[in-house]
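Structure, as structure tokens:
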Amino acid sequence: MTRFYSIRFRLTATFLAIILAVMGIISLFFYNTLERYYMNNIEESLERSGYLASDFVVGHLRGQIDSVRLSALAEDMSRQAQARVLFTDQQGVVVGDSIRVGGLLNQALDHQDVQAALEGNVSSRVGYSERIQHQVIQVAVPVLEEGGQVTGVVLLSASLEEVYRTLYDIRRFLFLATVIAMAVVGGGSAALAHRFTGPLESLTSAARKMAEGKLDQHIEISSADEIGRLAEQFNIMAKRLSYYTNNLKKFAADVAHEVRTPLTTMGLLTKALKEHEMEADQQQEFINDLDDELERLTALVNDLLELSKLEKNDIEPEKVAFDSLLRDMIGEYQYRFLHAGLELIDNLPDEEFVLYGAPLQLRQVVSNLLDNALNYTEAGGTVTVSLEKEENELVVKVEDTGCGIPEEDLSYIFERFFRVDRARSREGGGTGLGLAIVSEIVAKHGGRVWVESEEGVGSRFYFSLPLAEE
Ligand code: ADP
């Protein structure tokens, strides 16, 4: 049943119907014109011969009529006109017939056309002849005296066998032409439809496989037309979907892994506290360790919640005086840097910069970058925060003289849970999600993040944000 709804079937059927209709109309028109042309031609020729004969026999129908002579004349004319020729007198009685044996000599003809001719009119008709068992055309022409008096009729009748045979041949030719046209068009449209529907079938099959969970689908693109473009977009979509799904799976595994580590430690600590006798200060140490792990777990869950919030909701932007926000944060961090033996330098220009954004999230970006600079820079180092306006965006740079990042890790640095040095990150309370959150927030604000770093020398973290239009 679906076959009948397929594009291939409908396209081919439509083309065939169109070609059938067009060929039908053309054939009908062509055939009718030709038939009329032949009939008119033969009728005119018979009429001309009739007039000629009428002029010729007018003298023979006066007074005593000589049937033998008239029949001989009729026979002569019959040969020229290629038709049977009859003469009647003014009563419609046959006085000459080109057919000698079995002719109609001396018989009265009461055909309508003979009657019409006796009244002075030329008439013609097509009818069936029992004698020759075929269609014939008959023309009756009056024989007129000079005064206009009708003295007889010339009746010519010609077989239409030849004409009908020719018309039959033409009909056969037209039928054959229609069949050939339909075969060519049918084949052509089926091939064309196949070309169109082939990629659609591949698309359907790939989409079905995706619905079954096999997301890693790719279709070969063979054309640059609309279907080719659809296939191209499908490939992009399938790749993205597969990428996101894999990422999601990896993320879930990573989360489980990240949660398991503090949980295992906490389990061991709790077991030790429960099962072993220990001094009060050792007990306190264990409890402190438990507290640290709990804190780490809480930080991880908070970061995860932050990320999922970022993914779920769009930011609600408001006007932010970004230079003041940065200056305030540098002020807030001064004590912590001082405490760690680091210098935090404010290298901001003395200018106001306004942009649209979510202030809490922008604070989070700066705070994550400053926390990292703090964590990954040894005492005695410096961290500098600068701000520059470039065309219609602001670029913030957080530069440290810390441990730096190996070149091969630079491209992974903004991925979730990526850490260069896992132990060091954990020590500093890192979750491995800080830069992922930075990148997500900046992207939400229409900006970019990037990093330049050299191991043992330091790192420069940049992020850009579009400025509010004037
Ligand atoms: P973490 O919580 O581990 O700091 P982030 O996503 O903030 O997670 O950072 C990912 C990793 O990038 C860190 O583990 C660290 O190895 C590296 N990193 C981030 N900032 C710096 C920096 N300023 N200097 C050196 N390495 C850094």
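Would you mind listing how long the chain runs along its three principal axes, going by Cα atoms, in whole Å with the largest first?
165, 60, 34
Would you please give the FRET efficiency between residue 315 and residue 450, computed as 1/(1 + (r/R0)^6) with r the Cβ-Cβ distance and R0 = 25 Å, to the nearest 0.05?
0.75
Per residue, how much space in cubic angstrom lies within the convex hull of the C-alpha atoms of region 275-372?
So the per-residue hull volume is 132 Å³.
Between region 68-87 and region 321-381, what is the C-alpha centre distance in whole Å?
The distance from the Cα centre of region 68-87 to that of region 321-381 comes to 127 Å.
Which order do the peptides 185-198, 442-455 come out in when sorted by mean C-beta neighbours inside 10 angstrom, highest first?
Result, highest mean first: 442-455, 185-198.
Can you sort 184, 154 from fewest to most other Cβ atoms within 10 Å of each residue's own Cβ?
The most exposed by this proxy come first: 184, 154.
Counting Lys and Arg as +1 and Asp and Glu as -1, each charge on the Cβ, what is the dipole of region 297-352 about the Cα centre in debye, to the nearest 20?
Using Cβ point charges on Lys, Arg, Asp and Glu, region 297-352 gives about 340 debye.
Would you compute, from DSSP H runs of 4+ residues alone, the mean residue ellipticity of the chain at 222 nm, taking -39500 (n - 2.57) per run and dividing by the full residue count, rounded to the nearest 500?
After summing the helix terms and dividing by the residues of the chain, the value is -19500 deg cm²/dmol.
May I ask you to derive the FRET efficiency for residue 422 and residue 205 from their Cβ-Cβ distance with R0 = 41 Å, giving the value to the nearest 0.05?
Efficiency computed from Cβ-Cβ geometry: 0.40.
On C-alpha positions alone, give me the angle between the axis of helix 7-57 and the longest principal axis of the chain, in degrees, nearest 10.
20 degrees
Tally Lys/Arg at +1 and Asp/Glu at -1 over every other residue whose Cβ is under 12 Å from the Cβ of residue 168; what's the total?
Its environment carries a net charge of -1.
Sort all Cα-Cα distances of region 2-166 into consecutive 5 angstrom bins from zero, then give the percent of pairs in each bin up to the one containing the longest distance.
2, 9, 15, 18, 15, 9, 6, 4, 4, 4, 4, 3, 3, 2, 2, 1, 0, 0
Could you work out the percent of alpha carbon pairs in region 118-157 separated by over 16 Å, rounded to a whole number?
Of the Cα pairs, 43 percent sit more than 16 Å apart.
Treating only the Cβ atoms of Lys and Arg (+1) and Asp and Glu (-1) as charged, compute the dipole magnitude of region 215-310 about its Cα centre; round to the nearest 20 debye.
The calculated dipole for region 215-310 is roughly 660 debye.
Give me the net charge of residue 323's neighbourhood, meaning all other residues with Cβ under 9 Å from the Cβ of residue 323; Lys, Arg count +1, Asp, Glu -1.
Value of the local net charge: -2.
Which listed residue (11, 151, 163) has the Cα farthest towards the positive end of the charge dipole for region 2-166, taking +1 on Lys and Arg C-beta and -1 on Asp and Glu C-beta about the Cα centre?
Selected residue: 11.
Peptides 47-60, 114-127: what's the order by average Cβ count within 10 Å, highest mean first?
Highest-to-lowest ranking by the protection proxy: 47-60, 114-127.
Suppose every Lys and Arg Cβ carries +1 and every Asp and Glu Cβ carries -1, with no other charges. What dipole size does region 314-466 come out with about its Cα centre, to the nearest 20 debye?
Charge dipole of region 314-466: 540 debye, to the nearest 20.
Only Cα pairs under 8 Å and at least 6 apart count here; give the relative contact order of region 369-466 as a rounded whole percent.
33 percent
Between residue 146 and residue 170, what FRET efficiency comes out of the Förster formula 1/(1 + (r/R0)^6) with R0 = 51 Å and r the beta carbon distance, rounded to 0.05?
My answer for the efficiency is 0.65.
Simple spin-label model, 7 Å along Cα-to-Cβ: residue 26 to residue 263 in nm?
Going by the 7 Å Cα→Cβ label model, 7.9 nm.
If I stretch the segment between residue 249 and residue 181 completely, what's the gain in nm (0.36 nm per residue apart, minus their alpha carbon distance), one decimal?
Extending this stretch completely gives an extra 18.6 nm.
What are the residues whose amide H is under 5 Å from the amide H of residue 342, where those residues sit 5 or more places off or on another chain and H is modelled from the backbone?
Close amide H contacts, sequence-distant or interchain: 380.
Would you calculate the convex hull of the Cα atoms in region 215-310 and tell me its volume per residue in Å³?
98 Å³
Cα axis of helix 161-211 to longest principal axis of the chain: angle in degrees, 0 to 90, nearest 10?
Relative to the chain, helix 161-211 is tipped by roughly 10 degrees.
Would you mind checking the tilt of helix 67-81 against the longest principal axis of the Cα atoms of the chain, expressed as 0 to 90 degrees and rounded to 10?
20 degrees
Taking the DSSP beta bridges in the chain as the whole, what percent of them are antiparallel, to the nearest 5?
90 percent
Fully extended, how many nm does the chain gain between residue 233 and residue 35 (0.36 nm per residue separation, minus their Cα-Cα distance)?
Result: 65.4 nm gained on full extension.
Given Cα positions, please report Rg to Rh for region 314-466, the hydrodynamic radius being the Kirkwood one.
Reported Rg/Rh (Cα atoms, Kirkwood Rh): 0.94.
Every number here is computed from the coordinates shown, using simple stated rules; none is lab data. Here the structure is a predicted model, which is why all the values come from computation and not from measurement. Methodologically, a virtual Cβ is constructed for each residue, glycine included, from the backbone with ideal geometry; neighbour enumeration extends over all protein chains shown.
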